[in-house]
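The values are calculated or read from the model by the stated rules, or taken from the named source; none is laboratory data. Note that the structure is a prediction, hence the values are computed from the model and not measured. Cβ atoms come from the backbone with ideal geometry, glycine included; neighbour counts cover every protein chain shown. In case anyone asks, the SASA skips ligands and DNA or RNA and just uses the protein heavy atoms, side chains included. Shrake-Rupley method; radii C 1.70, N 1.55, O 1.52, S 1.80 Å.
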There are 6 protein chains.
Amino acid sequence: MENNKRYESGLRAMEELFSPEVRTGMEEMKKISPDFWEMIVSSGFGDLYGRNTLSHAQREIITLTTLITQGAFDQLRVHLQAALNVGLTKEEIIEIIIHCVGYVGFPKAVQAMGIAGEVFEEAK
Amino acid sequence: MENNKRYESGLRAMEELFSPEVRTGMEEMKKISPDFWEMIVSSGFGDLYGRNTLSHAQREIITLTTLITQGAFDQLRVHLQAALNVGLTKEEIIEIIIHCVGYVGFPKAVQAMGIAGEVFEEAK
Amino acid sequence: MENNKRYESGLRAMEELFSPEVRTGMEEMKKISPDFWEMIVSSGFGDLYGRNTLSHAQREIITLTTLITQGAFDQLRVHLQAALNVGLTKEEIIEIIIHCVGYVGFPKAVQAMGIAGEVFEEAK
Amino acid sequence: MENNKRYESGLRAMEELFSPEVRTGMEEMKKISPDFWEMIVSSGFGDLYGRNTLSHAQREIITLTTLITQGAFDQLRVHLQAALNVGLTKEEIIEIIIHCVGYVGFPKAVQAMGIAGEVFEEAK
Amino acid sequence: MENNKRYESGLRAMEELFSPEVRTGMEEMKKISPDFWEMIVSSGFGDLYGRNTLSHAQREIITLTTLITQGAFDQLRVHLQAALNVGLTKEEIIEIIIHCVGYVGFPKAVQAMGIAGEVFEEAK
Amino acid sequence: MENNKRYESGLRAMEELFSPEVRTGMEEMKKISPDFWEMIVSSGFGDLYGRNTLSHAQREIITLTTLITQGAFDQLRVHLQAALNVGLTKEEIIEIIIHCVGYVGFPKAVQAMGIAGEVFEEAK
C-alpha cells in the first residue's frame, strides 16, 4: 500500500469508528506534531483497521481488552463509543469486561465498567 | 448457579478449550492448593467461559489480547492452542497479534508472534 | 460454600471494610450489570475476604500493595479507608508505601503517599 | 557519599530540574512522612541525578520514557517541565514520544503527547 | 543513618532473609557494577528491611504481592524462600496468592502458585 | 516517505543496530507472517530509527528504558547489543539501569543488570 493510501485508509477507518466531535478532538494532535498525527492516522488506524480478516467489531473487542488490561481509561472511553458505533451491543461490551475480570482482576474491570455505564448513558 | 454447578460448568469449558494433556498439567495445581484449584475451575472457567452472550472463539480473542498485553507468555501458549481448538484460524490469530502492535508496541507483539509460530508448527 | 453463602459472606466482608457511603457508591454497579455486581460481592469479596488464614488487616496489606503496583489509584483511595477501618495504623500504611518504593519506584509510591495524606486528613 | 551529602546532592539536583513552585508542591510530602521525604531527596534525586556518566538531559530522556511506559502521567507533566529546564528541546521531546510508539503503542503515546502539548503551551 | 550504617543494615537484613547460597549468587552483581551492588544493599535492603513499624514477615507479604503483580517471577522465587525463612507458613503464602487472584487475575496467580509449589518442595 | 522507502529505511537501521546473526534470527518472523515482518521493518525500524532529531545512541537509551520498564527482557538482550553497536559505552548502559531503579524499583533493574553483565561478557 502506498503511503497516502495508508493515510486515506486510516481516515476512512476513523470515520467508521468515531463521531465527528471525537475526530475533531483527535485532530488537535496535528498542532503539536504533524508527524505524530500522520503516524496515528496511517499506522494507528490505516495499518490496523484498514486490514481484512477481522471485522471492525472484532477489532474493537481486541482494543477494549488491551485498553482495560493496560489501564488506559481515557482511551477506553472513546473506544467504548466506537464499539457501539461498529455494532457491538451493550450486552456484549459488559460481557467483555466481565470476561476480563478473570485475567486482570477486579480493580481494572470495575473502573472499566463504571466508564461503560457513563458511555451507555450518553448513548441513550 | 449453585456452587457445584459452577465447578461442573468450569470443567466442561476446560474440556472444550484444552487437550487432555494440558488439563492433566493444570491439575497439578490441585496438589499445591485444592482451594486454589477449585477457584480456577469455578471462577476462572465456570464463571467466565460458562456464560452466554459471547462465543468461546470471541472469549479467546479477549483472552489472547489480555495475555499479550500483560506479557503472560506461558499462559499465552496454552490459550493459543485453545484458540485453535475453538475454531479461530491461524490467519485470525496472526491478525489479533498484528492489531495489538498499535496498542502494546512491538516487543510484546513480536514475542507473541514467535510463540504463535511454534504453536502453529506443533498443531500441524 | 453454596452460592448465596458466597454472596452473604461478601456482603459481610464489605460491611467490615467500607463505610455505608462507600458501599452505596459501589452498588451503582448493580444498575449497569447485576451479574457483575454479583461477581464483585461473591468472588471479589466473599471468596477472598471471607476466607481464614489471613486477617482483614493482612489482606489489606496485600490489597494496598497490589493497587500501588498496578497504579490503580482510584481503588487505592477506598482501600486506604478500609485499611484504617480494619485496624492498620497511619504509621503502618506509610511504611507499606515506603517499602513499595524499592519494588515499584518513586512515581507510584509518591502518587500513593499523596492520596494517603488526603485519606488521613479526611479520617481525622 | 555520607548521608547528609546525599540529601544535599538531591536538593541541588531538584533545584536544577524543577521550578520553585514545583519544589514547594513536592515538599508537601514532608508533612505526611518526613522519612519518605528524606528518601525522595536522597535516593530519588541525590543517588540518581547526583551521579556522573550521564547528563541531566540524558537522565530526563530515561525518566520521560519510563514514565510514559508505566503510564505515570502526573509525574510525566512535572518531568516534561524538567526536561525543558535541563535543555531538551520541544522537538527532541516530541521525538522521544514518537519513538515510544513502537515500544508501548499509541494509547500511552497519545496521552503523553497531549500532556506535552499543554506543557509546551505553558512554557511559552 | 550514616552511609556505612545503611550498608551494614542491608547486609544484616539479607542474612536474615536469604540463605548463604542465595546471597553468594546475588553478590555476582558486584562484579558488573560495584555502585549498583552498594545501592541494592543500602537502598534495597538497608533502607527498607532495616526499618521498624513492620516485621520482616509483614514486609515479605508486601514483597510477594508486588512481585506477583508486576510479574517478576525470578525475584518471586527468591522471596518465596525468604518468606519461609522469616516465618510465613506455607498456608499463609498460598493464601496471599489466592487473595491476589481478585486483584491481578488468574494468569499471574497461577504462575506464582506453580513457583510456590516448587519452592515448597525444595524446602521440605 | 513512500512505502518501499520506509521498508528500505528500516532495513538500513537494522543493519546499523544489529549483527547479521541477530538479523537472520529476526527474519524467521517472515515465515510466520510476511505482513507482520513488513510492519516490523517499516513501522518498527523505518518510521522510528529512520527519523532525525535523535541519534541512534539516544534512541537506544529510550529503547533500553522502555524494555526494562515493561519487563521485556528477551528484547532487552538484543537491544543491549545494539546499544553497544551504536556507541553507548558499558558505563553508560550500567548508568541507565541504575537511573531506572528509582523509577521501576529493584526487581526489574536487577534482572536487567544481570542480562547486561552477560551481554558485556559476550561482547569482550
How many of the residues making up region D:92-103 are open to solvent by 10 Å² or more (accessible area, probe 1.4 Å) and either more than 8 Å from chain A (Cβ to nearest Cβ) or not aliphatic (A, V, I, L, M) (or both)? 2
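Give the residue, chosen from B:36, B:120, that is aromatic (Phe, Trp, Tyr) and buried (at least 19 other Cβ atoms within 10 Å of the Cβ).
Details: B:120 fails: buried (at least 19 other Cβ atoms within 10 Å of the Cβ).
Selected residue: B:36, the only one of B:36, B:120 that is aromatic (Phe, Trp, Tyr) and buried (at least 19 other Cβ atoms within 10 Å of the Cβ).
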Has region F:77-91 got any residue that is in contact with a Gly (Cβ under 9 Å, 6 or more places away or on another chain), of a type in the set (Gly, Ala, Ser) and crowded, with 20+ Cβ neighbours inside 10 Å? no
Tell me the helices (runs of 4 or more DSSP H) entirely within region D:1-56 that contain at least 3 residues that are within 11 Å of another protein chain (Cβ to nearest Cβ). D:3-17, D:28-32, D:34-39
Give me a count of the residues in region B:66-80 that are more than 20 Å from residue B:123 (Cβ to Cβ) and either within 13 Å of the chain's Cα centre (by Cα) or not assigned by TED's automatic domain parsing to the domain that holds residue B:119 (or both). 2
Select from region B:104-117 the residues that are more than 7 Å from every other protein chain (Cβ to nearest Cβ) and open to solvent by less than 10 Å² (accessible area, probe 1.4 Å) and write down the one among them that is nearest to residue A:72 (Cα to Cα). B:109
In region D:32-53, is there at least one residue being more than 11 Å from the chain's Cα centre (by Cα), farther than 20 Å from residue C:101 by Cβ and not polar (S, T, N, Q)? no
Can you list residue pairs whose Cβ atoms sit under 8 Å apart, with the first residue in region E:67-91 being more than 17 Å from residue E:14 (Cβ to Cβ) and the second being among the charged types (D, E, K, R) and part of a helix (DSSP H, G or I)? Count only pairs 6 or more apart in sequence or on different chains. E:68/E:108; E:69/E:108; E:70/F:108; E:71/E:108; E:72/F:108; E:88/E:60
Please enumerate the residues belonging to region B:57-71 that are facing chain A (nearest Cβ under 7 Å) and either of a type in the set (Val, Ile, Thr) or more than 23 Å from residue E:113 (Cα to Cα) (or both). B:58, B:59, B:61, B:62, B:63, B:65, B:66, B:69
Scanning region C:1-21 for residues that are farther than 20 Å from residue A:100 by Cβ, open to solvent by less than 60 Å² (accessible area, probe 1.4 Å) and without any contact (Cβ under 8 Å) to a residue 60 or more places away in the chain gives C:3, C:6, C:9, C:13, C:14
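Just wondering, is there one or more residues in region C:59-81 that are more than 30 Å from residue D:76 (Cβ to Cβ) and at pLDDT 95 or above?
yes
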Would it be correct to say that residue C:60 is in the same structural domain as residue C:123 (by TED's automatic domain parsing), within 15 Å of the chain's Cα centre (by Cα) and acidic (Asp, Glu)? yes
Report whether or not residue C:24 is within 20 Å of residue E:60 (Cα to Cα) and either in the same structural domain as residue C:112 (by TED's automatic domain parsing) or open to solvent by 10 Å² or more (accessible area, probe 1.4 Å) (or both). no
